[in-house]
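Following: one structure in structure tokens, then a few remarks.
The values are calculated or read from the model by the stated rules, or taken from the named source; none is laboratory data. Treat the numbers as computed from the prediction; the structure is a model and nothing was measured. Because the Cβ atoms are built from the backbone with ideal geometry, glycine has one as well, and the counts that use them run over all protein chains shown. For the accessible areas, the whole protein counts, side chains as well, though only heavy atoms, and no ligand, DNA or RNA atoms are used. Shrake-Rupley method; radii C 1.70, N 1.55, O 1.52, S 1.80 Å.
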Amino acid sequence: MFRTAVALAALTLSGFVCADEQCSVTIQGTDQMTYDLKTIHVPASCKQFTVTLKHPGNLPRNVMGHNWVLTRKDDLKGVADDGAKAGEGNDYIQPGDARVLAHTKLIGGNEQASVTLDTKGLKPGDDYVYFCSYPFHATVMKGTLSFGG
Ligand code: CU
């Protein structure tokens, strides 16, 4: 009896979380230069998908700034290199960079930023990566994004 109740509660909870987060996700960028998510999946049913980046740390953006940048897998290095040259004033994104599929602004500790992307631009089965374009952060602050299914 007790076991059944627990199983039901777990089922209800996971169902709620799934429905709530289906077309959005929250990812944290920390003072330790890490993201808390290594993968993000965008369901095919989502016409739009919203990523909210939170920085739970205390360090300012000029010391430990983070953003969330989405590109195709092969574009990571070029976008990160050009972003570093573009500087903090451009959120470490080269203005008008067509390789950037979506990005948030650069934030510091206790800040957050969101971006909503149109999934029309994503192809099922293609390899996408997200990363922080603050200089040198992408070596560890990166993950893979999949679409469809
Ligand atoms: Cu960063």
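See the values below:
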| item | result |
| --- | --- |
| Odd one out for Asn110, checked against (1) open to solvent by 20 Å² or more (accessible area, probe 1.4 Å); (2) within 14 Å of the chain's Cα centre (by Cα); (3) in contact (Cβ under 8 Å) with a residue 40 or more places away in the chain | (2) |
| Subset of region 123-135 (residues that are under 17 Å from Pro43 (Cβ atoms), open to solvent by 10 Å² or more (accessible area, probe 1.4 Å) and in contact (Cβ under 8 Å) with a residue 24 or more places away in the chain) | Lys123, Pro124, Asp126 |
| Filter pass, Glu88 being touching a residue at least 12 places away in the same chain (Cβ under 8 Å), in contact with a His (Cβ under 6 Å, 6 or more places away or on another chain) and acidic (Asp, Glu) | no |
| First in region 68-84 and over 15 Å from Leu106 (Cβ atoms), second anywhere and assigned to a helix (DSSP H, G or I) and at pLDDT 95 or above, Cβ under 8 Å, 6 or more apart | Thr71/Val79; Leu76/Ala138 |
| Qualifying residue in region 13-25 (condition: open to solvent by less than 20 Å² (accessible area, probe 1.4 Å) and either at pLDDT 95 or above or in contact with a Phe, Trp or Tyr (Cβ under 7 Å, 6 or more places away or on another chain) (or both)) | no |
| Flag for Gly148 being surrounded by fewer than 21 Cβ atoms within 10 Å (Cβ to Cβ) and at negative phi | no |
